[in-house]
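Read the structure below first, then the notes.
Each reported figure results from applying straightforward, stated rules to the coordinates on display, with no laboratory input. It should be emphasised that the depicted structure is a prediction, and the values quoted were computed from it without experimental measurement. Neighbour counts are summed over all protein chains in view; Cβ atoms, including those assigned to glycine, are modelled from backbone coordinates with ideal geometry.
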Amino acid sequence: MFKTPNWRIALIALAVLALDQLSKAIVLRSLGYAQEQVVIPGFFKFVHWGNTGAAWSLFRGQNELLAGVALVALLVLYLARHHFDTKSLLGQAALGFVCGGIIGNLIDRVCIGHVVDFIYFFVRHGDREIGFPAFNVADSAICVGVGLVFYNTWRGEPHTHSTAPPTKTKPINGCGTETQSNG
């Protein structure tokens with residue numbers, strides 16, 4: 001029963017979703033809103049930040065619109081899943097990671113009113129912190145899934161190296177070229 005590509009995609013998405021929601025539940029229980037817990041001084045901390053926008057807080061305040069976009073994205077991914085090499089385990093993992101991540105952040109948008117971001121890497125520069133935008137497990141899964149799609153596509157492209165000798169061209173009635181083989 002779980003040996004079909006669609007079942008594997010669903011199981012991977014469910015695993016991502018479970019890990020994402022569990023990690024966010026721990027953050028919600030352990031840290032108050034906007035609180036921080038330094039893990040590695042000057043480099044890494046857990047935070048409890050809300051994001052009503054998309055990646056890097058783009059479209060901030062557009063939570064409902066982005067929830068709608070997430071639903072449309074899930075529908076499009078489902079309908080176009082045959083374009084993602086779902087016959088290979090790598091393609092199944094890619095689609096499962098992306099769908100699980102989208103669903104994880106969608107649940108936050110609907111149930112909490114914002115996406116919970118909690119992983120924050122930074123460096124100190126004088127009195128300032130210069131950091132990478134905070135993210136979560138769902139964000140990571142989406143990025144890994146998209147990376148796997150690119151890798152799978154690149155890996156599956158046929159190589160166009162030819163051992164045939166170069167070809168010569170000659171005009172055809174002055175309107176174009178005709179290819180002639182050297183053989």
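Here are some notes:
- Among the residues of the stretch 99-117, those that are of a type in the set (A, V, I, L, M) and without any contact (Cβ under 8 Å) to a residue 60 or more places away in the chain comprise Ile102, Leu106, Val110.
- Residues that are in contact (Cβ under 8 Å) with a residue 24 or more places away in the chain, more than 24 Å from Arg128 (Cα to Cα) and either of a type in the set (A, V, I, L, M, F, W, C) or part of a helix (DSSP H, G or I) (or both), drawn from the stretch 37-63: Asn63
- Every residue from the stretch 31-64 that is of a type in the set (A, V, I, L, M) and within 19 Å of the chain's Cα centre (by Cα): Ala54, Ala55, Leu58
- Every residue from the stretch 111-136 that is β-branched (Val, Ile, Thr) and in a strand (DSSP E or B): Val115, Val116, Ile119, Val123, Ile130
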